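Bear in mind that the values in this text are calculations on the coordinates, not laboratory data. Computed from a predicted model, the values in this text were never measured in an experiment. Positions of Cβ are backbone-derived with ideal geometry, glycine not excepted, and every protein chain shown enters the neighbour counts.
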Amino acid sequence: MKRTARCGIIAAMLLAASAHAQSPAADEAVLPPAVLAHASGEQIFQHICQGCHMPDARGATGAGTYPALAKDANLESAAFAAATVLSGRRDMPAFGPRTDLQGFEAMLHVDLDDAQIAAVVNYIRSHFGNHYADTLSAADVAALHPPTPHKP
Amino acid sequence: MSDLSARFSPSRREVLRGIGLVAGGAAMYRAMTALGVTRGSKYTGPVDLSGAPRGASVLVLGAGLAGMTAAYELRNAGYRVQVLEYNARPGGRNWTLRGGDTYTELGGERQHCEFDKGLYLNPGPWRIPYHHENLLHYCRELGVALEPFVQVNYNAYLHSPAAFGGKPQRYRSYKADYQGMVAEQLAKVVGQGALDKEFDKQDREMLLESLREWGYLDGQLRYTRNDGTSDTRGYDKDPGGGLSGKPVWSQPLSAKDVLNSQLWHALPIGDVYEFQTTLFQPVGGMGRIGEAFGRELGDLIRYNAKVTRIVQDEHGVSAHYEDAAHPGVTRQVRADWCLCTIPLSILGQIPMNVGSAMADAISAVSYAASVKIGLQFKRRFWEEDERIYGGITYTDLPIFTIGYPSTDFFSRGKGVLLGAYTWGASAFQFTAMSPAERVREAVRQGSQIHPQYANEFENGIAVAWHRVPFAMGCFGEWSDELRAKHYDNLCQIDGRIALAGEHASYLPAWQEGAITSALDAIGRLHQRAVAGAKS
């Protein structure tokens, strides 16, 4: 696909670049890819989720709304929360691993693995006024993956 | 081999130089036109909306470039037009932040732009390719003055903390060295007979000649330190006049360093169609276009109107809205037809009775993260110290980009750099910071490239697109798979409602995508309106 190819030039620069080992310290403001790939549930919330859902998880409203995750009854179902992180919902991007994206599209995407998705869901469900006792495992998240689309 | 190369004379670069000196550009252009190399623009003006039914009305939702293009053309064609806009200003993502402006992001953080008079940040689009003809058409029509936008600057940098000890490399030098390295190695394998099957002797001679010119190789087809390579990659001491004028040649980087630095990733960016010379920017900031449209449409636009519901029936479309600043009281407007340009990130949350095909398409598209940060400095050190006039430095630091202003060159006053323009994982993380942290981080990272930051930085402003209240994301993030499944359904008229915006185009994030999608949609709405009036 032409568009993908040309955007890929830029993407490749930016991606490859970040693949360089630039003193990957876990306390950096922007976690390098190698650190982000092993980030904890708390780190994932603070470096990604709170961009929209806000540091206190109360969400925000402008022309539309980012839902609050604080005291969120929808979090009763850990599977619902994990499926949302995995596959996205409306304007919320999917954070599940994608191997089909190329170039610029691949660059825009952030991959969280099953253990990380479980960790961030567990973190949110036990913070911000949420007190759900049950937890999710990587295997639970694995079971939520949509069937892999057949790629010729 | 050497007797082959001895016949390679003079290089095309030298020939072009000669033409430029003797005949000038016009002669070259005429020659190229005669050869069919260039061709005039095919743009034929805006959409044909002749014969609008008497009294027909269209409700336009959103006063970004898509909505205002539609409103402008529909009004001119005789439709009664009303526009609802969430913001207190026209333009949408066509937007410029200037000194004195305030901006409140989602979550409530308010930033005051403290830039000096005349300095600005374009948080959204900042460059216009020469072939975005519809956008350029409206700039001409609305009297928006344009000036060149410098994309490629041979004296800007390519940078990685992991390459060359973190020392930024001039684009000029690295590009020459990369080409020289590739040309020398390829010439070597040609000489060793590796391409004897693919090319006959004459072809191989032609290939070697082209490699010598393209890669600045010497008579022995080597890329070395000499006058030719220095006249491309730059001198250690530039040539001048008199007794002190003798130049000092520069030493090329080693081939292995050129390769392993991976800075070659950034070399072709300026070759991308949208980034090819010539690009333009409005004088005074990209927002001048939206402001001009806004003036033209005047009170057709109702500002501070937050759309909360869209209802169609067989006769028309109603939009419910409330005052964005003082919610509570709901009002309604109604028209025969509706062109909705609200970003899908927001439209997906607004109740609207369309069929499942369009509804599914609206819900399918997520929005990309992007962050831009403007930094004001006490002086234009990039010009004064480093001779960088416009253009872009690319780095693999999370800021990705340092953009130098393409205007006010040599001015004595302060200057504003684009201190970060970032995407993907980096943009998500910048978004998750407070505005002050974003600015601090951009200064910290950028000072690795420009140590002057430490003394010269004054203030900054940061826009993270997922925190922008009227957009909630940068642009609609289509994949090939999503496009195949949903794009046509998004663009088809549903009853009396059509959608437009960059999200309804094959030019995601580009203003030309927004404008062409609006022209396409109102053309189809017009046909329906005419057909309906006749039936």
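Structure summary
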{"read-out": "Hz values of 3J(HN,Hα) by residue in the range B:98-103 - Karplus curve (6.51, -1.76, 1.60), Gly and Pro given as x", "value": "10, x, x, 6, 10, 9"}
{"read-out": "Overall dimensions of the range B:75-221 as given by Cα atoms, namely Rg and Dmax in Å", "value": "26.1, 74"}
{"read-out": "Sparse-neighbour loop sites [chymotrypsin sites (Phe, Trp or Tyr not before Pro); the range B:61-102; at most 10 other C-beta within 10 Å; DSSP]", "value": "none"}
{"read-out": "Two-decimal Rg/Rh across the range B:182-300, once Rg and the Kirkwood Rh are taken from alpha-carbon atoms", "value": "1.23"}
{"read-out": "Lys/Arg +1, Asp/Glu -1 at C-beta; the range B:55-115 dipole; positive extreme among B:Val60, B:Gly100, B:Asn76", "value": "B:Asn76"}
{"read-out": "Prolate/oblate/rounded label for the range B:236-303 (Cα gyration tensor, a/c 1.5)", "value": "oblate"}
{"read-out": "Per residue convex hull volume, Cα atoms of chain B, in Å³", "value": "195"}
{"read-out": "Computed [θ] at 222 nm, helices only, for chain B once each DSSP H run of length n ≥ 4 contributes -39500 (n - 2.57)", "value": "-9500 deg cm²/dmol"}
{"read-out": "Exceeding the 19 Å Cα-Cα cut-off - candidates B:Lys167/B:Lys246; B:Lys175/B:Lys197; B:Lys117/B:Lys414; B:Lys167/B:Lys256; B:Lys188/B:Lys256", "value": "B:Lys167/B:Lys246; B:Lys175/B:Lys197"}
{"read-out": "Rounded D (µm²/s) - the protein assembly as shown, Kirkwood Rh over Cα pairs, Stokes-Einstein at 25 °C, 0.890 mPa s", "value": "89"}
{"read-out": "Lys, Arg +1 and Asp, Glu -1 on Cβ, resulting dipole of the range B:51-118 about Cα centre, debye, nearest 20", "value": "400"}
{"read-out": "For the range A:61-136 and the range B:347-375, distance of Cα centres in Å", "value": "17"}
{"read-out": "DSSP bridge orientation in chain B - percent antiparallel, rounded to nearest 5", "value": "75"}
{"read-out": "Cα-based shape type of the range B:62-150, given that a ≥ b ≥ c are square roots of the gyration tensor eigenvalues and the cut on a/c is 1.5", "value": "oblate"}
{"read-out": "DSSP H segments from chain B that extend 30 Å or more along their own axis, Cα-based, with Kyte-Doolittle mean of -1.0 or above", "value": "B:511-534"}
{"read-out": "Long-range HN-HN contacts of B:Arg302 with modeled amide H, under 5 Å", "value": "B:Val83, B:Leu84, B:Glu85"}
{"read-out": "For chain B, size of Cβ-based charge dipole, Lys and Arg +1, Asp and Glu -1, in debye", "value": "660"}
